[in-house]
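These notes concern the structure reproduced below.
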Amino acid sequence: MDKSEIRVGGLGGQGVILCGMIIGKAASIYDGKHATLIQSFGPEARGSACSAQVSVADEPIGYPYVKNPDVLIVMSPDAYTQFAPQLRPGGVLLYENELIAVDDKLPAGVKAFGIPATRLAEELGRRLVLNIVMTGFFAGVTGLVSFEAAENAVKSSVPRGTEDLNLRAFRKGYEYGRELLAKAS
Amino acid sequence: MTLRGGRDGPPGDTEETLHADPKGVLTGIHFIDGDHAACEGALAAGCRFVAGYPITPSTEVVERFAARIPLVGGVFIQMEDEIASSIAILGGAWAGKKVMTVTSGPGLSLMMEHVGLAVITETPCVIVDVQRGGPSTGLPTLPAQADMMQAKWGSHGDYEIIALSPNSPQECFDLIVKAFNLAETYRVPVFFMMDEVVGHMTERVVIPAPEAIEIVERKWTQKKPGEYRVFQADDDMVPEMVKAGDGYRIHVTGLTHDDRGYPAMNPQAQDKLVTRLVNKIRANRDKLVDVREDGVEGADVVVVSFGITSRVAAAAVEAARHKGVKVGHLRLVITWPFPAKRIKELAGRAKAFVVPELNMGQMVLEVERAVAGKAAVISVPHAGGTVHEPETILTRIMEAAQ
């Protein structure tokens with residue numbers, strides 16, 4: 001069974017769970033695949049370590065947890081330190097490159113792609129949409145969810161009245177990812 | 001309670017929403033977690049009264065119900081505690097509503113007195129338990145399946161209940177509808193035994209159109225006041241029901257009672273009542289049993305599991321098959337009553353049963369009882385806090401196959 005496992009890590013309040021939610025929704029509702037999202041967070045409303053685990057597959061998913069993700073999306077240095085060693089060798093690291101410094105301890109063959117998501121979000125007008133920039137970046141680099149599916153998932157998941165801003169954030173991240181990918185190949 | 005009222009016709013003839021009211025059914029495809037799906041299932045089943053005291057990891061169920069119910073028509077009350085919640089729903093049912101309360105282990109312990117009251121007063125209700133690690137407050141945010149025996153035996157006296165164990169958000173929707181249907185059919189408390197993983201796991205949930213959802217209505221009496229006896233059972237051992245305000249004189253008590261509901265504290269009345277309360281479930285065991293089987297015929301080893309553990313066990317079963325072991329998987333969808341007959345049949349053919357569960361060995365006792373020495377029974381306990389490693393279950397399957 002072809003299954004892709006994704007972990008999203010960051011701080012409570014950064015929109016980590018929503019990022020995982022949009023990826024899962026895009027895959028399972030709009031791309032017609034199967035997706036399972038598991039979330040874990042601390043008791044604090046803001047600032048605690050927070051992560052989402054998403055499995056995407058063509059077949060129904062049994063075991064729901066992600067142990068060695070194929071793709072790791074990180075938005076905080078702590079999440080990077082905690083989760084980067086678990087990446088599957090040859091996997092993909094997507095990181096916020098003005099918050100996180102990548103060291104040389106990554107598992108063998110990991111391809112790392114950085115994006116200044118916070119700055120890009122600020123340029124769009126609201127720092128808050130950094131998670132949507134990261135979601136677009138994920139779609140652009142990995143192609144694990146289609147552009148249309150992810151756009152639909154963003155539209156139906158964000159608060160009403162913020163769709164335009166979030167879609168701009170999504171496209172920004174997506175295009176940044178596509179360009180980076182083109183340069184890398 | 002003694003009721004007087006001005007209505008003439010039977011109480012079935014009302015505007016009450018006990019069916020799949022389009023207002024309550026969120027038809028469509030959703031990406032939601034098990035807690036939210038259970039709430040939607042309850043609404044689709046016609047539940048219009050919930051009393052609860054929020055507790056992790058079940059809070060999202062009542063949170064959603066509280067937000068949705070003003071739009072649908074119905075009542076949610078956040079009570080002062082679980083004791084109050086569990087008694088409030090019994091009142092709600094006798095007022096004519098389909099009812100539910102939602103909790104986790106510590107709350108379930110407090111509700112036990114009213115489980116017995118629901119049993120003896122034959123009050124249809126659904127009790128959702130999103131299981132977390134115990135004993136006591138234990139692990140609020142982490143899973144377990146350690147309330148299985150409490151659901152079966154937690155209140156005092158002899159009785160039978162029904163319990164279901166969903167393993168996905170979709171099943172949280174589908175099976176809670178079934179839970180409400182069974183509560184109405186048999187007039188017993190029905191336990192909906194979720195766990196933290198299933199509750200907080202998000203997947204696609206397809207909610208059908210209202211007309212495609214099978215709903216069991218309450219068994220209202222067609223008898224006139226004066227002809228009706230509140231606990232007089234039909235051939236199916238289940239009495240017909242009325243509701244408060246419909247002009248019937250009824251007496252509903254936790255004391256042993258006769259057909260009229262009046263206290264009758266003697267061995268004959270006790271024998272008649274308790275025998276019926278127990279037999280209305282036991283006589284229907286074969287009809288109630290719901291297991292999902294995968295390759296159990298001809299298997300040397302049968303894995304028996306339920307809830308979230310069934311998804312972990314399925315991974316282990318798959319891995320064992322790759323290693324050439326003839327292994328089957330039997331999942332309990334209805335955990336109570338236990339499918340003893342089916343396990344007994346398989347025990348003559350399979351040489352071992354492997355029973356993983358997120359507790360120190362509860363349902364395995366039922367498997368042992370049914371197997372009765374005809375095969376090896378291997379418990380794979382886990383204290384909770386997370387799920388098994390599939391490899392742990394695989395190791396035990398491989399040992400069992402030796």
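Among the residues of the range B:309-329, those that are basic (K, R) and in a helix (DSSP H, G or I) comprise B:R311, B:R321. Across the range B:128-141, the number of residues qualifying as under 11 Å from B:S58 (Cβ atoms) and at pLDDT 95 or above comes to 5. Taken over the range B:326-337, the criterion of being more than 18 Å from B:Q362 (Cα to Cα) and either touching a Leu at 6+ places or on another chain (Cβ under 9 Å) or among the small types (G, A, S) (or both) is satisfied by B:G328 alone.
Would you check if there is a residue in the range B:157-175 being out of contact with any Pro (no Cβ under 9 Å at 6 or more places or on another chain), charged (D, E, K, R) and outside any helix (DSSP H, G or I)? Yes: the range B:157-175 contains one or more residues that are out of contact with any Pro (no Cβ under 9 Å at 6 or more places or on another chain), charged (D, E, K, R) and outside any helix (DSSP H, G or I).
The single condition among (1) within 11 Å of chain B (Cβ to nearest Cβ); (2) at pLDDT 95 or above that A:I6 does not satisfy is (1). Put simply, of A:L130, A:L94, A:L124, A:L72 the only residue that is over 14 Å from the mean Cα position of the chain (by Cα), farther than 27 Å from B:S310 by Cα and in contact (Cβ under 8 Å) with a residue 24 or more places away in the chain is A:L124. Scanning the range B:330-345 for residues that are part of a helix (DSSP H, G or I) and not basic (K, R) yields B:A340, B:I343, B:E345.
Scanning the range B:346-376 for residues that are over 26 Å from the mean Cα position of the chain (by Cα) and not in a helix (DSSP H, G or I) returns B:G348, B:R349, B:A350, B:K351, B:A352, B:A372, B:G373, B:K374, B:A375, B:A376. For B:F65, the criteria (1) in contact with an Asp or Glu (Cβ under 8 Å, 6 or more places away or on another chain); (2) in a helix (DSSP H, G or I) hold in every case but one, which is (1).
It is to be established whether one or more residues within the range B:285-308 are part of a loop (DSSP other than H, G, I, E, B), within 26 Å of B:Q150 (Cα to Cα), within 14 Å of another protein chain (Cβ to nearest Cβ) and in contact with a Ser or Thr (Cβ under 9 Å, 6 or more places away or on another chain).
Checked against the condition, which is being part of a loop (DSSP other than H, G, I, E, B), within 26 Å of B:Q150 (Cα to Cα), within 14 Å of another protein chain (Cβ to nearest Cβ) and in contact with a Ser or Thr (Cβ under 9 Å, 6 or more places away or on another chain), the range B:285-308 yields at least one hit.
Among the residues making up the range B:377-402, those that are small (G, A, S) and part of a loop (DSSP other than H, G, I, E, B) are B:A383, B:G384, B:G385. Please find, within the range B:124-146, the residue that is nearest to B:E240 (Cα to Cα) out of those that are in contact with a His (Cβ under 9 Å, 6 or more places away or on another chain) and not in a strand (DSSP E or B). Of everything passing the filter in the range B:124-146, B:Q145 is nearest to B:E240 (Cα to Cα). Taken over the range B:309-331, the criterion of being in contact with an Asp or Glu (Cβ under 8 Å, 6 or more places away or on another chain) and away from chain A (no Cβ under 14 Å) is satisfied by B:V325, B:K326, B:V327, B:G328, B:L330. Going residue by residue through the range A:40-62, is there one that turns out to be among the polar types (S, T, N, Q), in a strand (DSSP E or B) and free of Cβ contacts under 8 Å to residues at least 40 places away in the same chain? Yes: one or more hits.
Filtered by the rule that a residue be away from every other protein chain (no Cβ under 14 Å) and under 30 Å from B:Q170 (Cβ atoms), the range A:57-83 gives A:P69, A:D70, A:V71, A:L72, A:I73, A:F83. For B:G138, the conditions (1) under 25 Å from A:Q39 (Cβ atoms); (2) surrounded by 22 or more Cβ atoms within 10 Å (Cβ to Cβ) are fulfilled apart from (2). Mind listing whichever residues of the range B:190-230 are within 14 Å of chain A (Cβ to nearest Cβ) and assigned to a helix (DSSP H, G or I)? Across the range B:190-230, the qualifying residues are B:E196, B:V197, B:V198, B:G199, B:H200.
Taking the range B:69-92 as the search range and keeping residues that are touching a residue at least 40 places away in the same chain (Cβ under 8 Å) and in a helix (DSSP H, G or I), which one is farthest from B:T121 (Cα to Cα)? Ranking the qualifying residues of the range B:69-92, first place goes to B:L71.
When the test is whether a residue is assigned by TED's automatic domain parsing to the domain that holds B:A95, part of a loop (DSSP other than H, G, I, E, B), out of contact with any Lys or Arg (no Cβ under 8 Å at 6 or more places or on another chain) and surrounded by fewer than 19 Cβ atoms within 10 Å (Cβ to Cβ), B:G245 does not pass it.
Within 15 Å of B:P189 (Cβ to Cβ) and crowded, with 24+ Cβ neighbours inside 10 Å, is that true of B:E82? Walk me through how you get there before you give the answer.
Numbers: within 15 Å of B:P189 (Cβ to Cβ): yes; crowded, with 24+ Cβ neighbours inside 10 Å: yes.
Answer is yes for this residue.
Okay, residues lined up against (1) over 18 Å from A:V8 (Cα atoms); (2) buried (at least 17 other Cβ atoms within 10 Å of the Cβ):
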{"position": "A:F137", "(1), (2)": "no, yes"}
{"position": "A:A153", "(1), (2)": "no, yes"}
{"position": "A:S157", "(1), (2)": "no, yes"}
{"position": "A:Y176", "(1), (2)": "yes, yes"}
{"position": "A:E179", "(1), (2)": "yes, no"}
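Of the residues making up the range B:25-52, those that are more than 14 Å from chain A (Cβ to nearest Cβ), buried (at least 24 other Cβ atoms within 10 Å of the Cβ) and not in a strand (DSSP E or B) are B:A38, B:C39, B:E40, B:G41, B:A42, B:L43, B:A44, B:A45, B:G46.
The values are calculated or read from the model by the stated rules, or taken from the named source; none is laboratory data. Worth saying up front: this structure is predicted, and the values here are computed from it rather than measured. Using ideal geometry, Cβ is built from the backbone for each residue, glycine included, and neighbour counts are taken over all protein chains shown.
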